[in-house]
1. Relative to the present Cα-Cα distance, how much length would full extension add between I302 and E189 at 0.36 nm per residue of separation?
2. Nearest 0.05, what FRET efficiency do I64 and I252 give at R0 = 30 Å with Cβ-Cβ as r?
3. Within a 10 angstrom radius of the beta carbon, how do K165, K304 rank from fewest other beta carbons to most?
4. Given H placed on each backbone N at 1.01 Å, which residues far from V60 in sequence or on other chains put an amide H within less than 5 Å of it?
5. Taking a threshold of 22 Å on the Cα-Cα distance, which of the pairs K228/K285; K281/K304; K66/K177; K108/K140; K242/K298; K66/K173 fall above it?
6. Between I270 and K57, how many nm apart are label points set 7 Å from Cα along the C-beta direction?
7. What FRET efficiency would be calculated for the residue pair K108, K140, taking the C-beta separation as r and a Förster radius of 22 Å, to the nearest 0.05?
8. Can you give me the distance in nm between label points at L277 and K242, each placed 7 Å from the Cα along the Cα-to-Cβ direction?
Amino acid sequence: MEADSIKKEQSNSDKSILNYDFQHPKIVFGKEYMRIVSENSRELARSLSQFFGNLSKIAVDCAINKVNEYTSDQFIETLNDSLTVSQNLLNESEGALFVMFPTDYCHKYIIKESGGTGDIKPDRIDLTAIEQKILSRLSKGVLTQIFKAWEPIISMSLKSSIFEKDYELLALKKADKLVVVEFELSFGEVKEIIQVGYTSTFLKEVVSDNFNQSQSFVVTTLDDREVKSFEATIKNMPLTLKVLLGRINMGIDDLNHIQEGDVLPLKQKISQPLNILAEDKIKFKAYPGQSDGHRSVKLVEIVKETITKQTI
């Protein structure tokens, strides 16, 4: 037993020790960048699941596998013949996005769409004009899902789209950084990986546009008439108050066995006042009672909300 515990401690300590490449340090995007990409990717995963399900005529599950950050040089180093790279430039933007398809999957898709039945050699990466046209339909279908996912944040339109074989010719600036989201598609027992890469130039525009939209309400100035109208609207707005009798934690099995007549003891003590909620926030404290034949509560405390100042 002691030997096993020592091995476990050693293995745990080994996991906490990571090599750090000082020549290629980790690229850290701001929290706002990663938040937007993360929210977008969850929506995109659902869209890709439906899109590839319609293509393959079977149920396809799509999940976010991982998210990587690269410099432009590091990104190019990750590319090889096992990937077919779609480079997409956007109108009114210096940014670009890249879609990396598994080359083997692309060949299978070409065979299926062209009605072929022969085997394709794994090392074959050159595409004929007809094959490129077939593959372009696949790429544009994926791009449509990407555009739809980003539409609530920023409007995008395609300027040009090509499959780039020479990775050194990719439209990347030396100072560019990339966020690459890896999606795992499950076609039954077969799994494929598709990656979507966003350049920092593109993400800067997204974050800037999103920030400006969120700030537009702050800089709006109302005249006296509009202020009075706004105040009148607020004063007449209906609001529901909820009196919380108490809470109890219970397992599903216990819940299923509850019968009529059972007594459920609450954590709320009789001597404690009840919480009154407005918009799910505690606003008042009160004791239960009755008035004119109705259940009523008597307010004994007003709960003042503490506002924390945030620095942007």
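1. Working: separation 113, 0.36 × 113 = 40.68 nm, distance 5.91 nm.
Residue separation times 0.36 nm, minus the Cα-Cα distance, leaves 34.8 nm.
2. Working: r = 29 Å, r/R0 = 0.98.
Taking R0 as 30 Å, the efficiency between I64 and I252 is 0.55.
3. Working: K165 12, K304 7.
Ranking K165, K304 by Cβ neighbours within 10 Å, fewest first, gives K304, K165.
4. G53
5. Numbers: K228/K285 31 Å; K281/K304 11 Å; K66/K177 17 Å; K108/K140 17 Å; K242/K298 14 Å; K66/K173 24 Å.
Beyond 22 Å: K228/K285; K66/K173.
6. 7.2
7. 0.75
8. 0.3
Just so you know, all these numbers are worked out from the coordinates, no wet-lab data involved. Computed from a predicted structure; not experimentally measured. Positions of Cβ are backbone-derived with ideal geometry, glycine not excepted, and every protein chain shown enters the neighbour counts.
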